[in-house]
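Below is one structure; the comments refer to it alone.
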Amino acid sequence: MKSSKLGGAHTTIIGGRTGKKAVEVVARHHKVKRIVPSVISVKGHAGGRTLAKVLRPDARGNLRLLISSGTSAQELRIVTTAGSFEQGETLRHELNQALSETLN
């Protein structure tokens, strides 16, 4: 992964290899400028495997990557070159497709 795209207060990614692979897949996209890891929280129940999903864009087209592993969840902010909600939505579909092809 391009380490220049990962930044923020910390660089911890949950989910072991699968979590790191998900971040690598997202970072490779040419419209992704930066990925900023956020707080790691505890969910109410344990899931089986590590899951990664790109969530809805904001008004400026920036996205969020949700990684869920066991009883933990982490949201990572994805800063993009998209300039609108619509462009962000297109990018979200592209990234979720890439994650699906790579992680499943």
Open item on the list: Go through the range 41-68 and report how many residues are under 13 Å from the mean Cα position of the chain (by Cα) and not in a loop (DSSP other than H, G, I, E, B).
Closed with: 11
Task: Breaking point among (1) within 16 Å of Gly16 (Cβ to Cβ); (2) small (Gly, Ala, Ser); (3) surrounded by 13 or more Cβ atoms within 10 Å (Cβ to Cβ), for Ala82 - done: (1)
TODO: Only residues in the range 86-104 that are in contact (Cβ under 8 Å) with a residue 40 or more places away in the chain and surrounded by fewer than 16 Cβ atoms within 10 Å (Cβ to Cβ) count as the first member; pair them with residues that are of a type outside the set (Gly, Ala, Ser) and in a helix (DSSP H, G or I), Cβ under 6 angstrom, at least 6 apart or cross-chain, and list the lot.
DONE: Thr102/Val25
Task: Checklist (1) within 21 Å of Gln97 (Cβ to Cβ); (2) of a type in the set (Val, Ile, Thr); (3) under 14 Å from the mean Cα position of the chain (by Cα); (4) at pLDDT 95 or above applied to Thr81, failing item - done: (3)
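Per-residue answers, yes or no, for (1) over 18 Å from Gly88 (Cβ atoms); (2) in contact with a strand residue (DSSP E or B) (Cβ under 9 Å, 6 or more places away or on another chain):
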site: His10; (1), (2): yes, yes
site: Ile14; (1), (2): yes, yes
site: Arg28; (1), (2): no, no
site: Val32; (1), (2): no, yes
site: Leu66; (1), (2): no, yes
- [ ] Filter the range 39-68 down to residues that are among the small types (Gly, Ala, Ser), surrounded by fewer than 15 Cβ atoms within 10 Å (Cβ to Cβ) and at pLDDT 90 or above and give me whichever is nearest to Ile14 (Cα to Cα).
- [x] Ser41
Task: Residues being within 22 Å of Ile13 (Cα to Cα) and not in a helix (DSSP H, G or I) - total across the range 69-104 - done: 13
Open item on the list: Consider the range 69-79. How many of its residues are over 12 Å from Leu91 (Cα atoms) and surrounded by 20 or more Cβ atoms within 10 Å (Cβ to Cβ)?
Closed with: 3
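The values are calculated or read from the model by the stated rules, or taken from the named source; none is laboratory data. Here the structure is a predicted model, which means the values were calculated and not measured. Because the Cβ atoms are built from the backbone with ideal geometry, glycine has one as well, and the counts that use them run over all protein chains shown.
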